[in-house]
Amino acid sequence: MVARLSFAASTLLILCVAFSRALWAETPSTDNAAAEEFFEKKIRPLLVDNCYNCHSASTNSQGGLRADDRNGLLVGGDRGPAIVPGDPENSVLIRAVSHTDGDLKMPPKKRLSTDQVADLTQWVKDGALWPGSRVQVPIGEPNPEYDSLRKSHWSWQPIRAPHVPVASDPDWGNSPIDVLLYEQLTAHGLRPVAEADKKTLIRRLTFDLTGLPPTPQEIDAFLWDAASDAYERLVDRLLASHAFGEHWGRHWLDVARYGESTGSSRNLPYPHAWRYRDYVIDALHKDKAYDQFVREQIAGDLLPADSATQRDEQLTATGFLALGVKDVNQRYKVRFVMDNIDEQIDTVSRAVLGLTASCARCHDHKFDPIPTEDYYALAGIFHSSDLCSGLRNKMGGGGLDYYDSQMLLPLGPERAPDPEVLIKIDTAKSAVAAAREEFEALRGSPAGDEPGPNGRPKRAMARQKLRKLQLELSALTDPAANGRPLALGIRDAKTIGDTEIRVRGEAEKLGPAVPRGFLSLLAVPGVPGIDPLHSGRLELAYWLTSPQNPLTPRVFVNRVWNHLFGQGLVKSVDNFGVTGDAPSHPELLDLLAARFIADGWSTKKLVRAIVLTHTYRLSSDELPGNMAVDPSARFVWRHNPRRLGAEEIRDALLAMGGKLDLVPPTGSPAQDLPVTELRNNGPEARKLASIVAANVGRSIYLPLLRDLTPTALAAFDFAEQGMVTGHRDTTTVAPQALYLLNDPFVLRQSLNLAERLLRRDDLDDTSRVDWAYRFTLGRGATTEEIERTKAYLMDYENVAKDLFSPTPAPAAPDANTVAVAAKPAPANPDEADQTDEPVIAEKVQATNPRASAWASFCQALFGSAEFRYLK
């Protein structure tokens, strides 16, 4: 039901839900008998005879429109709603059958009689009654366990700041976090390990806070700093760096399932998604309060703004709701809409609340107290919002068929339209409409197979002509093409209202409408009710971020703990429901959540408080007795080693080779892609691969199109871009070793580090080996390692000289020699061919065995477990 409800009507419907969950469909009264008879005798036969061949469930539903279903007509297709009940003048269907629209005449090959047009007009004017459009379905009796679950399950209870006892061991630490952890250790008969040494601490802390390795100079400065506050000042320096925003912004992008394309059956780019990426990085760098951060992503378009810059920032934030996976090849718009709503509900509930609310789409949640009504109460909020991703659905579309520039959010000041451009746009629209009609006529006709003047099938020529005209129209109408920035996001729809329960989750099977609202499993006082004239996203945003909502702060502080310790206090970081894990330290979780709120929802203050604890600074040593009791260190008696993430490995390789560019780029390579289908082996994919190969910036800025993940990231368990990922898998598999052994990027960075070492004329080989260890592992080499490495280098050079004799080798490498090792990118990225990149090492062996030997040694360090793991 999309009509707006008055306050009285809303109240009445709420009371109906409260008194009886067995809600039934609207049952026609005797007063409707005449209207039903009119529909069955006049309207249904007319639609069957004239519309179903092209617009029904058993056909391709051209234009995305279904005429065999009332909801399909209400939602409409490419041109929007086909009918507006009670308003035939604004109903596309009536304009089409009346032949009053020059671009739209239906049916296409004949004209309805005057009486038939009058019947359809009267039917719409009377409200477009459609017998059986609502399914009579009892919602069901409340689950008897729901009430007890609401009252008993730990995560839904109010936050209670615990009493922190006096530390039983004064040497352990004076932080309340340390005290609560130590009490749990002693209660389980465990004893903590000693604190890690300073070399281990600076490497751990720098990677954890910035995703980058510390430089040898930074390590030396910290080691020589004997001041009592040296560690605290190191923490503050890292928190203030832009690299913190980039690294911790990437953590949130995992949760936000960030990607720059739709994925799914037809993979189309999101050219403007990078603005959301930059918004997240900037928010984390500036320590935007987390409650405001969430509110902006849910309802930034509805929040007050003090300036145009703030307005644009908040609009960009709503990209959170728009950049998910989309099946643009979905035939029916109503299914496309409901599937996208489901994806939004799933993302919001998992990311912010740690709940799997979308499980209630088809039936009451089997485990958590989330009835189907609650799901559709949320669905009504998003159904009343326009999803502005710049895309529409279309079965079997090609070219720019899926692109809709009007479904994007324009940023910056509005510009007055140029009258001459408006005339060109009208002309281009007419040309596209004519070309589409020509193509559709040939598409299903034998004439389409006939050869045209150039020998190609007429159908193919018509498609090519249509695409050319589409591109011309896009260039005229696309605000981005005319210099106005655009963003993905969301806005309130023109039609606001509640939506119906979809029986068994099927978009076309309508049950009763449900008032818009929030999840009943949480009682959050003080949140205003939903304004019937607006979508309800603003109220939802305040409900999510209320200090009285215990889930939002608990979920976030647990995410932070997970990133700093390798596992959360609740291990199932995206699931705080009944099927999730119980917290290992419930009192500590509430302490952190309460402190987080009291500190103004500051992420940096939370991170700072945790990394300053004695617990964070523990070594990763093993104690046999503890390992027998608590092998996974759930009670944090040691610091669990962790493998570096995919981005950390790539960024570290670039940094150690001296090539990492820390200047943030503007935009993304994906912003230049046309909104047409991306194929894994197509020219656009090859172009992106070439761009990635030449890129020396931080990994967070690489183009991240779904199904086209850069190899450097895919090899090391990159985030699943189609779903909320609060904790990445960590695997150790053979392809990772093969990547470090053979990939051109690794070979190139090994050569870069070798050149960096050999260029230092002030160093002898002993010092060069030591510096290689300092660059890659954050420590100096031992005497044994130095001697073993020097022997290896000598053997390697001798073998290389014998293999490639009589090629003379220069006494010392020069920049040009080593530069030959990296094949330059071709002038035309589409012609990129990286199949011969593995010969890099052979080229250097042939021209400079010494450089090749050192590159091989550096690559061995990159392949070591000590490089890949933090202790």
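The values are calculated or read from the model by the stated rules, or taken from the named source; none is laboratory data. Here the structure is a predicted model, which is why all the values come from computation and not from measurement. Using ideal geometry, Cβ is built from the backbone for each residue, glycine included, and neighbour counts are taken over all protein chains shown. Only protein heavy atoms, including side chains, enter the accessible area calculation; ligands, DNA and RNA are left aside. Shrake-Rupley method; radii C 1.70, N 1.55, O 1.52, S 1.80 Å.
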query = Mind checking which residues of region 543-558 are under 14 Å from residue 586 (Cα atoms) and of a type outside the set (A, V, I, L, M)?
reply = 550, 553, 554, 558
ask   = Does region 392-411 include one or more residues that are farther than 26 Å from residue 327 by Cβ and assigned to a helix (DSSP H, G or I)?
value = no
inquiry  = Based on this model, can you work out whether residue 312 counts as in contact with a helix residue (DSSP H, G or I) (Cβ under 6 Å, 6 or more places away or on another chain), under 30 Å from residue 402 (Cα atoms), open to solvent by 20 Å² or more (accessible area, probe 1.4 Å) and not in a loop (DSSP other than H, G, I, E, B)?
reply    = no
query = Which pairs do you get when a residue that is touching a residue at least 60 places away in the same chain (Cβ under 8 Å), found in region 595-608, comes within reach of a residue that is buried (at least 22 other Cβ atoms within 10 Å of the Cβ) and acidic (Asp, Glu), reach meaning Cβ atoms under 7 angstrom, with the pair 6+ apart or on two chains?
reply = 601/291
ask   = Restricting to region 66-86, what's the tally of residues that are aliphatic (A, V, I, L, M), modelled with pLDDT of 80 or more and part of a loop (DSSP other than H, G, I, E, B)?
value = 3
message = Checking the conditions here, which among 503, 527, 557 is free of Cβ contacts under 8 Å to residues at least 60 places away in the same chain, surrounded by fewer than 23 Cβ atoms within 10 Å (Cβ to Cβ) and more than 30 Å from residue 668 (Cβ to Cβ)?
response = 527
task = Give region 756-770 a look and list any residue that's under 17 Å from residue 652 (Cα atoms) and open to solvent by less than 80 Å² (accessible area, probe 1.4 Å), or say none.
result = 757
request  = Filter region 640-678 down to residues that are farther than 30 Å from residue 870 by Cα and without any contact (Cβ under 8 Å) to a residue 40 or more places away in the chain and give me whichever is most open to solvent (accessible area, probe 1.4 Å).
outcome  = 666
request  = Determine if region 661-670 includes at least one residue that is of a type in the set (A, V, I, L, M, F, W, C) and either under 30 Å from residue 473 (Cα atoms) or modelled with pLDDT under 95 (or both).
outcome  = yes
task = Return the pairs, sorted by first residue and then second, in which the second residue is assigned to a strand (DSSP E or B), the first residue lies in region 87-110 and is modelled with pLDDT of 80 or more, the beta carbons are less than 6 Å apart, and the residues are 6+ apart or on different chains.
result = 95/101; 96/104
note = Expected single match for outside any helix (DSSP H, G or I) and basic (Lys, Arg) among 266, 277, 250, 295 is 266
task = Mind listing whichever residues of region 688-701 are in a helix (DSSP H, G or I), of a type outside the set (S, T, N, Q) and surrounded by 15 or more Cβ atoms within 10 Å (Cβ to Cβ)?
result = 688, 689, 691, 692, 693, 700, 701
request  = State all residues of region 198-228 that are open to solvent by 50 Å² or more (accessible area, probe 1.4 Å), among the small types (Gly, Ala, Ser) and not in a helix (DSSP H, G or I); if no residue qualifies, say none.
outcome  = 226, 228
ask   = Across region 671-687, which residue is nearest to the chain's Cα centre (by Cα) among those that are closer than 22 Å to residue 485 by Cβ and part of a helix (DSSP H, G or I)?
value = 671
query = If residue 116 passes every condition in (1) assigned to a helix (DSSP H, G or I); (2) within 24 Å of residue 498 (Cα to Cα) but one, which one does it miss?
reply = (2)
query = When you look at residue 289, is it in contact (Cβ under 8 Å) with a residue 24 or more places away in the chain and closer than 28 Å to residue 562 by Cβ, yes or no?
reply = yes
inquiry  = Tell me yes or no: at least one residue of region 285-303 is in contact with a strand residue (DSSP E or B) (Cβ under 6 Å, 6 or more places away or on another chain) and open to solvent by 10 Å² or more (accessible area, probe 1.4 Å).
reply    = yes
ask   = Are any residues in region 144-163 more than 33 Å from the chain's Cα centre (by Cα) and open to solvent by less than 50 Å² (accessible area, probe 1.4 Å), and if so, which ones?
value = 162
ask   = Taking the condition under 24 Å from residue 266 (Cα atoms) and aliphatic (A, V, I, L, M), does residue 476 pass?
value = no
message = Scan region 625-632 and tell me whether some residue there is closer than 20 Å to residue 703 by Cα, open to solvent by less than 20 Å² (accessible area, probe 1.4 Å) and not small (Gly, Ala, Ser).
response = no
ask   = Looking only at helices (runs of 4 or more DSSP H) that fall completely inside region 771-871, which ones have 3 or more residues that are touching a Leu at 6+ places or on another chain (Cβ under 7 Å), open to solvent by less than 50 Å² (accessible area, probe 1.4 Å) and at pLDDT 95 or above?
value = 849-862
request  = Please find, within region 441-476, the residue that is least open to solvent (accessible area, probe 1.4 Å) out of those that are under 18 Å from residue 54 (Cβ atoms) and assigned to a loop (DSSP other than H, G, I, E, B).
outcome  = 445
task = Collect the residues in region 380-400 that are buried (at least 23 other Cβ atoms within 10 Å of the Cβ) and either basic (Lys, Arg) or closer than 21 Å to residue 270 by Cβ (or both), keeping them in residue-number order.
result = 382, 385, 387, 388, 389, 390, 391, 393, 394
query = When region 356-377 is examined, which residues are found to be open to solvent by 10 Å² or more (accessible area, probe 1.4 Å), assigned to a helix (DSSP H, G or I) and under 16 Å from residue 507 (Cβ atoms)?
reply = 358, 372
message = open to solvent by 20 Å² or more (accessible area, probe 1.4 Å) and within 27 Å of residue 431 (Cβ to Cβ): which single residue out of 129, 93 fits that description?
response = 93
